[in-house]
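Reading through the structure tokens given below for one structure.
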């Protein structure tokens, strides 16, 4: 069965393809008799202009893409959920591009998405979380943004001037530290992700600053950096607990590592929070799935996704939204933190 | 800046659009002198045929879609991860359509995806897990499959003849039951998801059958059905444990409900597995995040995704792969099950 295309309609009506397009999309006046001819041809062939053809003519595809590092980390599906809800209401469908945190895969996707003429891109993780993003990686995104609207979520490319939305992670780490201090803890450790990521460094800096207000040092041997995973957190906590002097409370870079820390603490025969307090970061669904339930910092994940799409949609529609939206994180107190007790 | 299109090239070279297409896509021979003219026009205007235009001409978009009920349930990101890895190697990009288990949203996405001319669709959850799918919902997918290749993952539409790949859930439930029997358990309960889903019913049937071999009844009051979530599992386990006679072991419909069951058991002051054994289903990353780590049934999630894309790619390429692939589930023994002890 031959599919009828706009070319066939044009031929049948003896007009140009662009005239057919004008009638289909109602973008410019067409002489009544010509219009009539075209409509007749459309009816005769039961022609249905498809979305691809229409988007070619209109220059929009109704698609946006989300580039993210790890869809199996529960933080990202939560952001996606919020984003998709808003995107659907605005008539967009989502490409999901999982990069496994690999910069070359990010580049590959950027190029594919340009080819696919997406209307916009939401970018999370990977290079936008590097504390020192190599200029060529940064430049690639900046150049892409000249053609396709881009919103960065929870990350940044310095001097790029790109639109971004993020939870104030420094503020989150500050709140978490204050929480532990209020509980009487003074010996506080930090279990981080990769130490060249802003996600890690911003938090360490904020924790140090808050502790300093109370005349407390963040001991070097109590800052442990490694993977962002459950296993990563477990390994780092093991290192921490194998030291002669242990902290009485530990702040973690995310919920994944916090859960790993809880596991390691149990394996060392410690009770939580009686013997050691542990704080996560993200408030992903994991935090209520573990026992004890995790005290953590909410990053407003759904809202991050929702607002990212709102912002992107504004740019796509030629409006000029504010360059930055900052969300306030907040403490969610559950069962993994408690008052300091001398052992 | 005016974008150069294939129409401009055709006009400049004084040939038809389809002749330009033939040269661009190398689909049919074109006279050398004509070819020359077209290439010159392309060079002059620095024309770059975009992916959309090319896909219109070639009738393929290089996109496939995954329709799934809940991207925040860790089972699905795992399937997606496997699927995307294979899809990438074959040059496809993924639309991700999260339906929240809402059939009308599934319908909406089917229609959008048809409009977007995806090359194929991978369908999970929702209507394909109903034990009695209403004919109009089933028919919609069957009709769609006449136009767009579809592969069903872990579900079915009876008499549809659609391609499908699934883990043998009955076999999985049988293995889990045998595991508990081998540990000496005789008082076995089941915590299920929605009771009109095949995901739940298939398992209940298999458990009953296996227990019968040992002369054991699955007591009606020990079959609890409800939501597929952590909170669902918690509520159902609470109901179970508030009864005068309690089971010594509980099989769960998925890891989410198993984690809820663990939480409820702890809240009732029970130790796991000393006082009660709990088995999950899926072997999602959650199962190693909880304490105790979950004994569960692996559904080969990554592989499900990988093979679904392989199968879909075969259909897209006009091959005729086997209609069904069945994966064998297997037991992953961890810490949440132990020998029956008389209390």
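The values are calculated or read from the model by the stated rules, or taken from the named source; none is laboratory data. From a predicted model like this one, the values you see are computed outputs, not experimental measurements. Glycine gets a Cβ as well: all are built from the backbone with ideal geometry, and neighbour counts include every protein chain shown.
At-a-glance table
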| read-out | value |
| --- | --- |
| Where residue A:266 falls short, out of the listed (1) touching a helix residue (DSSP H, G or I) at 6+ places or on another chain (Cβ under 9 Å); (2) within 13 Å of another protein chain (Cβ to nearest Cβ) | (1) |
| Which numbered condition residue B:290 fails, given (1) at pLDDT 95 or above; (2) within 12 Å of chain A (Cβ to nearest Cβ) | (1) |
| Number of positions in the range A:131-148 that are touching a helix residue (DSSP H, G or I) at 6+ places or on another chain (Cβ under 7 Å) and more than 23 Å from residue A:321 (Cα to Cα) | 3 |
| From the options B:276, B:297, residue that is away from every other protein chain (no Cβ under 14 Å), under 23 Å from residue B:165 (Cα atoms), over 14 Å from the mean Cα position of the chain (by Cα) and at pLDDT 95 or above | B:297 |
| Among the residues listed as A:274, A:293, A:267, A:306, the single one being in the same structural domain as residue A:84 (by TED's automatic domain parsing) and over 16 Å from residue A:172 (Cα atoms) | A:306 |
| Output for the range B:152-161, where each listed residue is touching a residue at least 40 places away in the same chain (Cβ under 8 Å) and buried (at least 19 other Cβ atoms within 10 Å of the Cβ) | B:153, B:154, B:155 |
| Residues of the range B:239-259 satisfying the condition of being within 25 Å of residue B:69 (Cβ to Cβ) and without any contact (Cβ under 8 Å) to a residue 40 or more places away in the chain | B:239, B:259 |
| Unmet criterion (only one of (1) buried (at least 21 other Cβ atoms within 10 Å of the Cβ); (2) within 23 Å of residue B:328 (Cα to Cα)) for residue B:290 | (2) |
| Sole exception among (1) part of a helix (DSSP H, G or I); (2) modelled with pLDDT under 80; (3) crowded, with 18+ Cβ neighbours inside 10 Å for residue B:49, by number | (1) |
| Residue ID - surrounded by the fewest Cβ atoms within 10 Å (Cβ to Cβ), chosen from residues in the range B:324-343 that are more than 28 Å from residue B:284 (Cβ to Cβ) and in contact (Cβ under 8 Å) with a residue 12 or more places away in the chain | B:343 |
| Residues within the range B:248-263 that are touching a helix residue (DSSP H, G or I) at 6+ places or on another chain (Cβ under 7 Å), over 8 Å from residue B:234 (Cα atoms) and surrounded by fewer than 24 Cβ atoms within 10 Å (Cβ to Cβ), tallied | 0 |
| In the range A:115-134, the residues that are out of contact with any strand residue (DSSP E or B) (no Cβ under 9 Å at 6 or more places or on another chain) and in contact (Cβ under 8 Å) with a residue 24 or more places away in the chain | A:127, A:132, A:133 |
| Matching residues in the range B:203-242 - criterion: being in a loop (DSSP other than H, G, I, E, B) and modelled with pLDDT under 95 | B:217, B:218, B:219, B:226, B:227, B:228, B:229 |
| Candidate set from the range A:166-202 (those that are in contact with a strand residue (DSSP E or B) (Cβ under 6 Å, 6 or more places away or on another chain) and assigned to a loop (DSSP other than H, G, I, E, B)); member that is nearest to residue A:331 (Cα to Cα) | A:168 |
| Leading residue by the ranking (modelled with the highest pLDDT) among those in the range A:9-29 that are surrounded by fewer than 18 Cβ atoms within 10 Å (Cβ to Cβ), under 46 Å from the mean Cα position of the chain (by Cα) and at negative phi | A:16 |
| Residues of the range B:149-165 that turn out to be touching a helix residue (DSSP H, G or I) at 6+ places or on another chain (Cβ under 8 Å) and part of a strand (DSSP E or B), as a count | 6 |
| Condition met for residue A:284 (at pLDDT below 95 and buried (at least 24 other Cβ atoms within 10 Å of the Cβ)) | yes |
| Residues being outside any helix (DSSP H, G or I) and either at positive phi or modelled with pLDDT of 95 or more (or both) - total across the range A:120-148 | 6 |
| Hits in the range A:301-312 (condition: surrounded by 19 or more Cβ atoms within 10 Å (Cβ to Cβ) and modelled with pLDDT under 95) | A:301 |
| Selection from the range A:70-122 of residues that are surrounded by fewer than 18 Cβ atoms within 10 Å (Cβ to Cβ), in contact with a helix residue (DSSP H, G or I) (Cβ under 6 Å, 6 or more places away or on another chain) and at the interface with another protein chain (Cβ under 10 Å from one of its Cβ atoms) | A:115 |
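Quick grid of which residues meet (1) at pLDDT 85 or above; (2) assigned to a helix (DSSP H, G or I); (3) surrounded by fewer than 20 Cβ atoms within 10 Å (Cβ to Cβ):
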| site | (1), (2), (3) |
| --- | --- |
| A:33 | yes, yes, yes |
| A:42 | no, yes, no |
| A:55 | no, yes, yes |
| A:65 | yes, no, no |
